[in-house]
Amino acid sequence: MSLKSLMISSALGAMLLAPGAAVARDLTVAIQNNLTGLDPTNVNDTLSQTSLRLIYQGLFGFDPEMNLVPLLAESYESNADATEFTITLREGVEFHDGTPFNAEAVKVNIDRLRNPDNNLSRRSLVSMVQEVEVVDDRTVKLILDAPFGAMIASLAHPGAMMISPAALEEYGNDIDRNPVGTGAFTFTNWSADTLEVARNDDYWKGPAEVDNIIIRSVPESGARMAMLQTGEAQFVPNFPPELLQVVQNNPDLTVETSPSIVEWYVALNNNKEPFGNKQVRQALNHAVDKDAFCQVVFSGLCTPADSIIPQGLAFHVTAGEYEYDLDRARELLAEAGYEDGFSAEIWANSNTESLRALQFLQQQLAQINVQLNVVPLEAGVAAQRIWSIESPEDAEVQMYYGGWSSSTGDADWGIRPLLLGENTPPSMFNVAYYANDELDAAINGAIGTADPDERAAYYETAQNLAWEGAPWIFLGVTDLVAAQSSDVTGVHMLPDRGFLLEDAAFTE
């Protein structure tokens, strides 16, 4: 299979602005949550992973429209049943520490990621790889234990980006604080709320246009807006939608909205009562007005969810609708033995948008006498309390409000990490602790074939089963909003809520 079109796209993306068209300055980006780590293979949130695209690169990646493009790979071929993938690598690339990028480096990285003893959170991206064979310095072959049609898309996920083998050997687990990649920027410093990187003058595509990039974590929406207005920040991805009009009225700022593949939901821990009861879970879905959720939390830049994955992903089907119906919700609670309601904790990140969502959900569920205790968590604390527990029995979470996007662009990564029965924390992200044999069979069936029609049939079954089983309160799929200074170019949001900054430049 040739990547001719991808190679052309990559070449276009590598072109630099004409001399004199831009000036070198520092770019500050304000984001809503703290970063949780600097090892792309072992962080659970989109903001951390997409920020690390400055330092690291994968074999493949995505353009601003989330089309697959080659990065450290030039092309690939697969056999007919998608069990072997032969990848040709780019020549002349070095990691920031001078280590050559070659087939052996790829083998070191994929073997590390797929090894279950390493307990890396993104292992599932390559868990189907049985063997990594170094054919020659520029060629590597992946031999899978079963057909997998989304293999190349999985390698484009930022969780599969390449780390310097020498750095892995030197730092071990401390690579989380000492990132060394092949990207356009080199690591300078990371504190609790700030990541700083500097231009890599030896970058294989040519040096970037900005000198340094600073990523600042600023949870309060108004503070991010103020930073943009004063020039303290020049780019605010995931911009608060309720402040959209303020930006639109400022001639020094520009704003863009676009569709996303981000779905928001409340995971219900099936190991905690009363959430092990399907009628309770369905009752909660009927008790939340999804249209009102979209309006209140995202200022209308949102569409109510109609499946467990958004329409922007391949293989999406409309699985149904939980009509807003308080009488039906009360009836289901009564049938489940909770006629008088119950109390529970709901956790979420402690940014303005999430707090607004929690308050909305608290008000909605109070109408059926479900009393929610709102517990906002700083991103690092959430990573520890939700994703880094030692075993499912240690999980304290009852309800968790969050969003998920398939950063491979494929339905597999929108379903398997979240709802396969075995994929509970700490190994993966099934924080609903949901287990359904029929659903597991459909998910495993889909990853066991490369035939698109067979995959579509399995994913349709999976979506219908999960919708009826209601492991989540299904909420909505949001639009993306990004704001920036008018003199900034080359910054882009991806449909998965990530961003690309490599081509950032100032025009004056």
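The values are calculated or read from the model by the stated rules, or taken from the named source; none is laboratory data. Values in this document were obtained by computation on a predicted structure and should not be read as measured data. Positions of Cβ are backbone-derived with ideal geometry, glycine not excepted, and every protein chain shown enters the neighbour counts. Just so you know, the surface numbers come from the protein's heavy atoms only, side chains and all, with ligands and any DNA or RNA stripped out. Shrake-Rupley method; radii C 1.70, N 1.55, O 1.52, S 1.80 Å.
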Fill in: Cα coordinate range in the range 264-376, projected on the principal axes (Å, largest first)
38, 31, 26
Worksheet item: By the gyration tensor of its Cα atoms, with a ≥ b ≥ c the square roots of the eigenvalues, what is the shape of the range 296-444: rounded for a/c under 1.5, prolate for a/b over b/c, or oblate?
Response: rounded
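What's the local net charge at VAL210, with K and R +1, D and E -1, over the other residues with C-beta under 10 Å away? Don't skip to the answer; put the middle values down first.
Values: positive: ARG25, ARG199; negative: ASP26, GLU209, ASP211, GLU502, ASP503.
Charge balance in the 10 Å sphere: -3.
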Discussion item. If I compute solvent accessible area with a 1.4 Å probe over the protein chains, what percent of it on the chain is carbon and sulfur?
Written reply: 44 percent
Worksheet item: Residue by residue, what Karplus-based ³J(HN,Hα) values in Hz, rounded to whole numbers, does the range 35-42 have, using 6.51, -1.76 and 1.60 with θ = phi - 60° and x for Gly and Pro?
Response: 6, 10, x, 10, 9, x, 7, 9
Item to complete: Quick one: order HIS316, HIS492, HIS157 from most to least accessible surface, probe 1.4 Å.
Response: HIS492, HIS316, HIS157
Discussion item. Please compute the per residue accessible area over the chain with all protein chains in place, 1.4 Å probe, rounded to a whole number of Å².
Written reply: 38 Å²
Worksheet item: Remind me, relative contact order of the range 263-308 in percent, using alpha carbon pairs under 8 angstrom and six or more residues apart?
Response: 26 percent
Fill in: Two-site label geometry, ASP327 and ASN444: point separation in nm, points 7 Å out along Cα→Cβ
4.4 nm
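Cβ neighbours within 10 Å, averaged per peptide: list 119-129, 189-199 in order, most packed at the top. Intermediate values should be presented prior to the final figure.
Values: 119-129: 21.4, 189-199: 16.3.
Ranked from most to least packed, the peptides come out as 119-129, 189-199.
Normalising by the residue count of the range 148-202, find the relative contact order in percent from Cα pairs under 8 Å and 6+ residues apart.
Working: 44 pairs, mean separation 11.7, N = 55.
Reported relative contact order: 21 percent.
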Response to the item:
One finds, for ASP487 and ARG356 with R0 = 41 angstrom and r their Cβ-Cβ distance, a FRET efficiency to the nearest 0.05 of 0.85
Discussion item. Using the basic label-point model (7 angstrom from Cα toward the beta carbon), what is the ASP211 to ASN250 distance in nanometres?
Written reply: 2.4 nm
Worksheet item: the range 317-391 to the range 445-508: how many Å between their Cα centroids?
Response: 23 Å
Item to complete: For ALA457 paired with SER191, estimate the spin-label separation in nm (one decimal), with each label point 7 Å from Cα along the Cα-to-Cβ line.
Response: 5.9 nm
Worksheet item: Using the Karplus equation 6.51 cos²θ - 1.76 cosθ + 1.60 (θ = phi - 60°), what ³J(HN,Hα) coupling, rounded to whole Hz, does each residue of the range 257-272 give in order, writing x for Gly and Pro?
Response: 10, 7, x, 10, 10, 9, 10, 9, 7, 10, 6, 10, 5, 5, 7, 10
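Would you mind telling me the antiparallel percentage of the DSSP bridges in the chain, rounded to 5?
Numbers: 59 of 75 bridges.
Roughly 80 percent of the beta bridges in the chain run antiparallel, per DSSP.
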Discussion item. Can you match log10 I(q)/I(0) by the Debye sum over Cα atoms at q = 0.06 Å⁻¹ to one of these, (1) -0.41; (2) -0.37; (3) -0.27, based on a calculation from the structure here?
Written reply: (3)
Worksheet item: Please state the relative contact order of the range 270-389 as a whole percent: Cα pairs under 8 Å, 6+ residues apart?
Response: 26 percent
Worksheet item: Length gain on complete extension for the stretch ASP437 to GLU345, per 0.36 nm per residue less the alpha carbon to alpha carbon distance?
Response: 30.3 nm
